[in-house]
Amino acid sequence: MNTISITTPQNIEVEFELASLGDRIVGRIIDGILIAGYFFLWVAIIGFSNLTTGSYLHLLIILIILPILLYDLLCEMFLNGQSLGKRVMGFKVISLSGEQPSLSQYLIRWLFRLVDFSLSFSLIGVIMVAASEKKQRLGDYVAGTVLVKTRPRTAFTDTISTPPVPVDYTVTYPEVAHLKDADVQLIKEVITSVHRTGNTMLAVQAQQKIEQVLQIRSRHIEAIDFLHVLLADYNYLASEL
């Protein structure tokens with residue numbers, strides 16, 4: 001099982017499971033089927049209509065060709081680093097900083113599809129992913145991105161995503177309301193990494209950073225307990241909105 005450790009801008013090291021070559025191939029096949037379905041749908045529409053003359057022809061070319069050419073770029077930009085095939089297979093594109101890629105990174109990955117797949121008949125892309133340590137194709141390498149699994153390896157993450165909160169729950173750290181969704185997701189990933197690797201220093205580093213950002217002090221002896229309570233507080237406050 002291939003993993004990658006990424007140090008976030010908050011100086012917290014988080015471990016991600018890399019998407020395998022097989023995952024990427026199957027995801028691409030799914031995307032190819034969807035793209036082919038879109039193309040033949042338009043062929044059928046054209047076949048049963050009278051839209052092949054005059055200005056309609058230019059409009060049809062735009063409606064058919066542009067979405068196919070821009071499919072990967074638009075999907076990754078608006079679906080949080082995923083095409084539909086990636087979503088089905090449970091992996092997405094992230095930057096090597098652990099954050100969502102920028103527009104320029106998405107654009108570089110998309111442009112290098114020409115080299116990775118079109119001009120080389122997918123040979124360069126397949127060889128790069130199979131041989132590189134981080135399972136990167138050339139476009140990933142240049143853009144500074146990597147594909148990681150979004151599905152948890154164990155059921156443990158299900159328990160931290162939406163922990164049950166009793167009706168009479170008392171919030172310990174109300175300041176948690178100032179955190180963003182991305183911050184809370186990072187806390188979840190740190191907890192998962194700690195339980196998987198046993199590296200409690202990850203929790204300590206996360207605690208120190210959160211205390212600094214929220215200007216609070218932990219009331220718990222163990223840093224991992226502090227993170228669990230933060231999640232519970234956040235979920236309770238979010239449910240009250």
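If the condition is being in contact with a Phe, Trp or Tyr (Cβ under 8 Å, 6 or more places away or on another chain) and outside any helix (DSSP H, G or I), then the range 181-218 contributes Ile216, Ser218.
Results for (1) surrounded by 13 or more Cβ atoms within 10 Å (Cβ to Cβ); (2) of a type outside the set (A, V, I, L, M, F, W, C); (3) assigned to a helix (DSSP H, G or I), shown as yes or no for each residue.
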{"position": "Gly37", "(1), (2), (3)": "no, yes, yes"}
{"position": "Leu60", "(1), (2), (3)": "yes, no, yes"}
{"position": "Met77", "(1), (2), (3)": "yes, no, yes"}
{"position": "Gln82", "(1), (2), (3)": "yes, yes, no"}
{"position": "Val88", "(1), (2), (3)": "yes, no, yes"}
{"position": "Gln100", "(1), (2), (3)": "yes, yes, no"}
{"position": "Gln105", "(1), (2), (3)": "yes, yes, yes"}
{"position": "Trp110", "(1), (2), (3)": "yes, no, yes"}
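Looking at this structure, is Val146 farther than 24 Å from Asn2 by Cα and touching a Leu at 6+ places or on another chain (Cβ under 7 Å)? No; evaluated as a whole, the condition is false for this residue.
The numbered conditions (1) in contact with a Gly (Cβ under 7 Å, 6 or more places away or on another chain); (2) modelled with pLDDT of 95 or more are all true for Thr150 except (2). Considered as a group, the residues in the range 2-18 that are of a type outside the set (A, V, I, L, M, F, W, C) and under 14 Å from the mean Cα position of the chain (by Cα) include one that is modelled with the lowest pLDDT, and that residue is Glu15.
Tallying residues that are over 14 Å from His178 (Cα atoms), among the aliphatic types (A, V, I, L, M) and in contact (Cβ under 8 Å) with a residue 40 or more places away in the chain within the range 197-241 yields 5.
The values are calculated or read from the model by the stated rules, or taken from the named source; none is laboratory data. In this text the structure is predicted, and so the values were computed from the model without any measurement. With ideal geometry, Cβ positions are generated from the backbone for all residues, glycine too; neighbour counts draw on all protein chains shown.
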